[in-house]
1. On the full set of protein chains, 1.4 Å probe, figure out the accessible area of THR126 and give it in Å² to the nearest 10.
2. With each run of n ≥ 4 DSSP H residues scored as -39500 (n - 2.57), what mean residue ellipticity at 222 nm is computed for the chain after dividing by its residue count and rounding to the nearest 500 deg cm²/dmol?
3. What are the GluC sites (Glu not before Pro) within the range 39-120 that DSSP puts in a loop, where the Cβ has at most 10 other Cβ atoms within 10 Å?
4. Mind checking which of LEU51, LEU144, LEU36 has the largest fluctuation in a GNM of the chain, springs on alpha carbons under 10 Å?
5. Rounded if a/c is under 1.5, else prolate if a/b beats b/c, else oblate: with a ≥ b ≥ c from the C-alpha gyration tensor eigenvalues square-rooted, which is the range 1-87?
6. Place a label point 7 angstrom from the Cα of HIS94 along the Cα-to-Cβ direction, then list the residues of the range 26-61 whose backbone nitrogen is under 16 Å away.
7. Would you mind finding the longest exposed-site-free stretch of the chain, with exposed trypsin sites (Lys or Arg not before Pro) meaning DSSP loop and at most 10 other Cβ atoms within 10 Å?
8. Could you provide, to the nearest whole Å², the per residue accessible area of the range 1-147 with probe 1.4 Å?
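The values are calculated or read from the model by the stated rules, or taken from the named source; none is laboratory data. Being a predicted model, the structure only gives us computed values, none of them experimental. So basically every Cβ, Gly included, is an ideal-geometry build from the backbone, and we count neighbours across all protein chains shown. For accessibility, only protein heavy atoms count, side chains too; no ligands or nucleic acids. Shrake-Rupley method; radii C 1.70, N 1.55, O 1.52, S 1.80 Å.
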Amino acid sequence: MRIWWTLSADPSIDEALRTLHEHAATVVELHRPVCLASGRCCQFKNHDHLLAVTGLEAAWTWRNAKRDISTAAVATAEQGGVCVYLDGKLCSIHAERPTGCRTYFCDRGEGGWQATLSESLHRTITRLHDEHNVPYLCAEWNWLVKSLSSAHERGVFSKASLP
Ligand code: SF4
């Protein structure tokens, strides 16, 4: 957990993730899937959706999000089967949301482009781990956020102590 936290502040990793997010936006713009901002992709239980994120990207998102999240808040979200960052029907961390949120739409479109984009970005993130010798783990999103929040609450790291 600590290694993800520390390396999520590494400028080259920060730049790589932001570049990936920009690339995702470019591809999405080309295909223009319909998004009604229904919040369906963030209501995991109701829509049988699993959002998997790597520990490194989860740490990057948690660090860059404008607000801290408590373990109690994550537990409540888990009970409701929704993302802890869902606020009504909107994402409260839209600019920092993980890659998986940028490549998944209810409107699946044609040609399987979402799966292709998602796999391609995930391969790049995996390579990023290799290049920086970062331990790799891909896990359920709320669980990762809860683990990060727990570490934060136990004083393992804090936003104030960032390099
Ligand atoms: S991070 Fe935002 S976009 Fe992603 S599942 Fe959560 S609320 Fe939805």
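1. Roll a 1.4 Å probe over it and THR126 shows about 40 Å².
2. One gets -16000 deg cm²/dmol as the mean residue ellipticity at 222 nm.
3. GLU110
4. Looking only at LEU51, LEU144, LEU36, the biggest GNM fluctuation is shown by LEU36.
5. Oblate is the answer for the range 1-87, as a/c is 1.5 or above yet b/c matches or exceeds a/b.
6. Residues passing the 16 Å test: 26, 29, 33-42.
7. Longest run free of exposed loop sites: 68-153.
8. 53 Å²
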